[in-house]
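Read-outs: derived from the displayed coordinates by stated rules, not from any lab. On a predicted model such as this, the values are computed, not experimentally measured, just so you know. No Cβ is skipped: glycine too gets one built from the backbone with ideal geometry, and neighbour counts run over all protein chains shown.
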Amino acid sequence: MRYHHALWSTAVLALLVSIGLAGCGSTPVAPSGPPTSPDSAGPTSAASPPLSARPAVLRLDGVDPCALLTSQEARQFTPVPSRRVANDQEPGSYDCIWSTFPTKPVDSWTAHAILDHGAGYYLGSVAGAQVVQVGGFAAVQTSSGFQDPNKQCLLVVDVAPGQGLEVQYINPNGDYPGINHQVACQLASKAAELMVANLRNLVH
């Protein structure tokens, strides 16, 4: 275990709060810095595939991240209620966290609405990126530059021009059976699929 038993509870709580507080700040930064236009991306290799056309435009303005999972759906991940955490990168906004803490293994899912740049920007992630599909939408799968990629996965779903739905999964103690980046991304994608389906209902 990453921390001594006597400090475990305090350390995990601090880590989970820091995830929420980081919000987009926890997102891997493309080498070129902030995008110059809503859907611009940092430098990518010639092998980086473009994002496919969206099946719909799902704007995130005014969307409550905690409304992206119903109470019944959330119980698939944790019996603990969701909680809102202020995003210090975007005053007035907040993330939603679903965490199994204090139950072990400690799993945490975070939803964040990115309103100032699109998912394509993350193709330039210094952590590496892969284009996948989530609920019929293209998504950039990567990891945070501030977390161990073997315990964490970051998905940014291309739901609207200049906007992205960020869904992060992290197992901070590495105590989920067989945890690695692929498993973390499967767990992130499972939640993201439900969130995209609910987002469709919220904005239409």
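Spacing of the modelled spin labels on ASP61 and ASP175, each 7 Å from Cα toward Cβ, amounts to 4.4 nm.
Full extension of the chain segment joining GLN76 with ASN201 gains 43.0 nm, where the gain is 0.36 nm per residue of separation less the Cα-Cα distance.
Summing Lys, Arg as +1 and Asp, Glu as -1, what charge do residues with Cβ under 15 Å from the Cβ of SER144 carry, SER144 excluded? Let's see the in-between values first.
Values: positive: LYS151; negative: ASP95, ASP148, GLU166.
So the surrounding residues net to -2.
Since only VAL140, ALA184, ALA74 are under comparison, the one whose Cα sits farthest along the positive direction of the charge dipole of region 57-204, derived from C-beta charges on Lys, Arg, Asp and Glu, is ALA74.
Residues of region 180-204 falling in the label zone of VAL132, defined by backbone nitrogen less than 19 Å from a point 7 Å along Cα to beta-carbon, are 180-199.
How much length, in nm to one decimal, is gained on full extension between PHE146 and GLN186, taken as 0.36 nm per residue of separation minus their Cα-Cα distance?
Numbers: separation 40, 0.36 × 40 = 14.40 nm, distance 1.99 nm.
Here the answer is 12.4 nm.
Over all distinct Cα-Cα pairs of region 143-204, the Kirkwood formula returns a hydrodynamic radius of 12.3 Å.
Applying the Kirkwood pairwise sum to the alpha-carbon positions of region 76-204 produces a hydrodynamic radius of 14.9 angstrom.
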